[in-house]
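No lab work stands behind these numbers, since they all come straight from the coordinates. The structure displayed is predicted, hence computed values, not measured ones. Glycine also receives a Cβ, built like all others from the backbone with ideal geometry; neighbour counts cover every protein chain displayed.
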Amino acid sequence: MPESCLQDISGDDVVAYHKSMEGIYSPATIAYSARILRNFFYFWHGRRETHFNPKEIIPVRFINADKDIVTKDDFEDMNDLLETNYLPDLQKKLVLNLLWDTGMRVSELCDIKLNDISEQGSNGLRTAKVRTRKSMRYNLVVWGADTNDLLNIYLGMRICMDDSSKALLVNPKTGKAFTVRSIQRWIKDLAELTSINKTITPHSFRHGKANYILDEGGSVRDVTALLRHVRPEASFHYMQLSTKRYEQVAGKYLTTA
């Protein structure tokens, strides 16, 4: 950015910019933008390239809306809608089971290549190497026997597809890998067909997996390990997502009738 542009920017410009984002972007996105701009101007202010004091950018405070999660019943209801002998249904069914078993991000799922998948172990489990775009780290995800049975059926069809893509999930009509948007649309349509009165997205499975782990007696450490959080504190907010679990914990220290 030319020096003259930096010198011309004031606090009023930053406020006006964030005002223009309201109603178009979420409060979380605006808060993220404020943090980025604050760091940006700290960098240039330290090099005396701007007179604008970055301390004028006040961090945006907002309340996170409660996130809808996929429960085991939600997953089973969506899963029961799909057949294994019809390729489009099989692909969607495989996606649902992989999301539920692993809690992986949808971007990680779409990036899985055929050679990222391991051989099935003697314990019936199978793994895949996934890359997290957020941290650019490679991690393993693991799934169980039922999901692996679906994968084996699908792989028998996948190797017969006439395409050059190495992706696991490929559109047979175009020969190209399915996108994140495709998976989001599948999940939305399935949630509507099962009359689930929640806003379900692929990421809802990740939240659901965390809650399922805790409901089954797992610890926050287990959530951190299985969801591959870089920072352990990222797992703690799942402790308050389940009203039932919160009441159970609080009830231990209260007198009840």
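Here are some notes:
- Those lysines that a straight Cα-Cα span of less than 19 Å connects to LYS113, excepting residues fewer than 8 apart in one chain: LYS92, LYS93, LYS129, LYS134, LYS166, LYS173, LYS176
- With a cut-off of 12 Å between beta carbons, the residues surrounding VAL141 carry a summed charge of +3, where Lys and Arg count +1 and Asp and Glu -1.
- Placing dummy labels 7 Å off each Cα toward the beta-carbon, the span from GLU56 to TYR17 is 1.2 nm.
- Extension gain for ILE36 to LEU193 (0.36 nm times residue separation, less C-alpha to C-alpha distance): 52.5 nm.
- Taking label points 7 Å from Cα along the Cα-to-Cβ direction, THR179 and CYS160 give a separation of 2.9 nm.
- With q set to 0.14 Å⁻¹, the log10 of I(q)/I(0) for the chain, from the Debye formula over equal scatterers at the Cα positions, is -1.04.
- By other beta-carbon atoms within 10 Å, ranking VAL106, VAL180, VAL70 with the fewest at the front produces VAL180, VAL106, VAL70.
- Chain lengthening between GLU83 and GLU216 when straightened (0.36 nm per residue, less Cα-Cα): 45.0 nm
- By the combined test of axial Cα extent (at least 27 Å) and Kyte-Doolittle hydropathy (mean at least -1.0), the qualifying DSSP H helices of the chain come to 27-46.
- Placing a pseudo-label 7 Å from each Cα along the Cα-to-Cβ vector at ALA234 and GLU76 gives an inter-label distance of 3.1 nm.
- Ascending count of other beta-carbon atoms within 10 Å, so fewest first, for SER219, SER122: SER122, SER219
- Fully extended contour minus Cα-Cα distance, from ARG131 to ALA250, at 0.36 nm per residue: 39.0 nm
- Dipole moment magnitude, nearest 20 debye, segment 3-56 about Cα centre, only Lys, Arg, Asp, Glu C-beta charged: 260
- Estimated translational D of segment 130-237 in µm²/s (Stokes, Kirkwood radius over Cα pairs; 37 °C; 0.692 mPa s): 199
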